[in-house]
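The structure under discussion appears below in the form of structure tokens.
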Amino acid sequence: MSADRHTRVLIIGSGPAGYSAGVYAARAMLNPVLLQGIEPGGQLTTTTEVENWPGDTEVQGPDLMVRMEAHARAMGTEIIQDIVTKLDLSARPFVAETDSGTRWTADAVILATGARAKWLGIETEQKFRGFGVSACATCDGFFYRGQEIVVVGGGNTAVEEALFLTNFASKVTLVHRRDELRAEKILQDRLFKNPKIIPLWFHEIDEVVGTEDPLGVEGVRVRDVRTGETQVIPAKGLFIAIGHAPASELVEGQLETHHGGYVKVEPGTTHTSIPGVFAAGDLTDHVYRQAVTSAGMGCMAALDAERWLAEQADTLRTAAE
């Protein structure tokens, strides 16, 4: 049975941005409601060891998200496991329809739906995700000190990841299905000058090879796109660097976006192109894409929403007088 509910601040999406927004909005006595989305906790729930979260030398990604959720709840955020299927930002109050049938109206909306790494779509890639297969070099590169690893991709992301990984790995093989890269020339120059990086042209990933107990990557089978011949490259890790896709489907055609769908915000703020709608985390961040920056933006979004709501209240009081 469907139901209608209203909240001053509706937070759509979880993860560091959403939960941080919940903490700050609750502390501001805004009684926020947070709808977790299809993947409660976001991308960190698929990461194992996290060593770059301030205050924790090492923490498991899922454990960190459990703690952040508990913190938001303790502050007073109402957290609901539900998925927003439609969002109407054409008029206030804003309207969100959900998978459960609940229809939410909100005075302000904080979008924290994140971004998803693009994956190859092969079965063994999914099997070894978090156990040698990663889409974040800055998150996981540290664990491959002195090891041979493989990076797949041909754009800026792939080249940047390969260069970064040379700080740890003994050898980085860059697999690309063409014989030239799409990355900026300055990045290509750095890559070709780095003795640790070996480009492998006209190849694509065919299979990830590894152990079962414990689960771990031992190599990557690649296929020559011209001849069909395959070979196994020894590697302890495979980094997928074929880009990220912001989860901006809900606001497509409603909010101004850029860089392939990332929600555009006013510089130095979380204000979007519609007053009262704020965006935080990987949904709007096409540069850093880190948990700590997402959390900071979640804080900003809650503070921006608090100030905006206060301004609206002042305007209404002035008009009434």
Check your understanding: Helix 156-165 versus the longest principal axis of the chain: what is the Cα-based angle in degrees, 0 to 90, to the nearest 10?
Key -> 70 degrees
Check your understanding: Loop-only check: which trypsin sites (Lys or Arg not before Pro) in segment 219-321 are DSSP coil with at most 14 other Cβ within 10 angstrom?
Key -> R226
Review point. Using a Förster distance of 41 Å, how high is the FRET efficiency between T105 and Q60, based on the Cβ-Cβ distance and rounded to 0.05?
Key: 0.65
Exercise for review: With viscosity set to 0.692 mPa s and temperature to 37 °C, compute the Stokes-Einstein D of segment 165-292, Rh being the Kirkwood radius across alpha carbon pairs; µm²/s, no decimals.
Suggested key: 184 µm²/s
Revision key, fill the gap. To the nearest 0.05, the calculated FRET efficiency linking T227 and A70 through their beta-carbon distance, R0 being 51 Å, is 0.40
Exercise for review: Scan segment 148-214 for GluC sites (Glu not before Pro) in coil per DSSP, keeping those whose Cβ has at most 14 other Cβ atoms within 10 Å, and list them by number.
Suggested key: E180, E184
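Please report the orientation-averaged projected area of segment 119-240, defined via the convex hull of its C-alpha atoms, in nm².
6.9 nm²
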Review point. Taking the radius of gyration and the Kirkwood hydrodynamic radius from Cα positions alone, what is the Rg/Rh ratio for the chain, to two decimal places?
Key: 1.04
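How would you rank 70-78, 189-197, highest first, on the average number of other Cβ atoms within 10 Å across their residues?
The peptides rank, most packed first, as 70-78, 189-197.
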Exercise for review: Kindly express, to the nearest 10 degrees and within the range 0 to 90, the angle between helix 15-27's C-alpha long axis and the longest C-alpha principal axis of the chain.
Suggested key: 20 degrees
Review point. Given the rule -39500 (n - 2.57) for each run of at least 4 DSSP H residues, summed and divided by the residues of the chain, what is its mean residue ellipticity at 222 nm, to the nearest 500 deg cm²/dmol?
Key: -8500 deg cm²/dmol
Point to revise | Spatially proximal aspartates and glutamates relative to K264 (Cα-Cα < 19 Å; intrachain offsets below 8 disregarded) | key: D88, E249, E252, E256, D282, D285, D304
Point to revise | Between helix 291-320 and the chain: long-axis angle, C-alpha atoms, 0 to 90°, nearest 10 | key: 20 degrees
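Coordinate-derived values only; no laboratory data. Model, not experiment: these values are computed from the prediction. Here Cβ is always computed from backbone atoms with ideal geometry, including for glycine, and neighbour counts include all displayed protein chains.
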